[in-house]
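Written below as structure tokens is the structure these notes are about.
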Amino acid sequence: KRNRRIGIAAAVVGAVAVVGLIVTSVVLTPRPASYTAGNEGATVDGVETFENGATHVEGSVTYAQTPPAGGDHNQVWLNCGAYSEPVPNENAVHSMEHGAVWVTYDPSLSEAQLSELRTQLPSTYVILSPFESLPAPIVLSGWNAQLQVQDASDERIAAFFEEFWRGQNAPEPGAPCTGALDAPGKIS
């Protein structure tokens, strides 16, 4: 009888532990940010807008903005995702033509800031990569729009995504952001 009670108690404790682990993993697992496809005409403080063309070209391109916020680009787009190394401008600009937002950060950005930044990114139509010689620690670029921020906790990051992510101002909104080029350093 005693062994039976011990067995039942152990089973109950084990079941509670399993349920606790499942609940903890669900609660603590980071989820990508969720945004609605943009271009509702909202004003985001600090956003600069530009007039860039959208021609497919071969070779390197000299861009008017650093990092690029549109313009002539390679005919092959960059697969969206996170990269640990700088990515080719000409391919990233093609992804922006499809409605992606390119989030560039100074390579010296702290791991804490980079982790905070990642929590604000959607799961699709975004490129995250380091970029040398940025005008600010973090720069968000959508087609013909750009926002420079000093800190990953800046509330304007979410506002920029709400307005420009998968936006209708992009020349080819909704075209693929996968199935093309993975640059070196692809993380996810």
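The values are calculated or read from the model by the stated rules, or taken from the named source; none is laboratory data. If you're wondering where the values come from, they're calculated on a predicted model, not measured in any experiment. Glycine gets a Cβ as well: all are built from the backbone with ideal geometry, and neighbour counts include every protein chain shown. We work out accessible area using only protein heavy atoms, side chains counted, and drop any ligands, DNA or RNA first. Shrake-Rupley method; radii C 1.70, N 1.55, O 1.52, S 1.80 Å.
Accessible surface of the stretch 70-181, 1.4 Å probe: 47 percent of it comes from carbon and sulfur atoms.
Given ALA37, HIS98, ALA69, which one lies farthest toward the positive end of the charge dipole of the chain, if we put +1 on the Cβ of every Lys and Arg and -1 on the Cβ of every Asp and Glu? Sorting the options by dipole projection puts first ALA37.
From largest accessible area down, sort LYS1, LYS186; use a 1.4 Å probe on the protein chains.
Values: LYS1 195, LYS186 75 Å².
Putting LYS1, LYS186 in descending order of accessible area: LYS1, LYS186.
The stretch 60-119 gives an Rg/Rh value of 0.98, both radii derived from C-alpha positions and Rh following Kirkwood.
Each residue of the stretch 106-113 is assigned a 3J(HN,Hα), and the resulting list reads 5, x, 8, 4, 5, 4, 5, 5 Hz, derived from the Karplus form 6.51 cos²θ - 1.76 cosθ + 1.60 (θ = phi - 60°), x at Gly and Pro.
Here the chain is treated as an ellipsoid with the same Cα gyration tensor; its semi-axes, largest first and in whole Å, are 41, 17, 16.
Computed with a 1.4 Å probe over protein heavy atoms only, the accessible surface of the stretch 74-130 comes to 33 Å² per residue. Solvent-accessible surface (1.4 Å probe) assigned to ASP151 amounts to roughly 60 Å².
Are there GluC sites (Glu not before Pro) in the stretch 128-184 that DSSP puts in a loop and that have at most 15 other Cβ atoms within 10 Å, and which ones?
Details: sites: GLU132, GLU155, GLU162, GLU163; in loops: GLU132, GLU155.
Answer by residue number: GLU132, GLU155.
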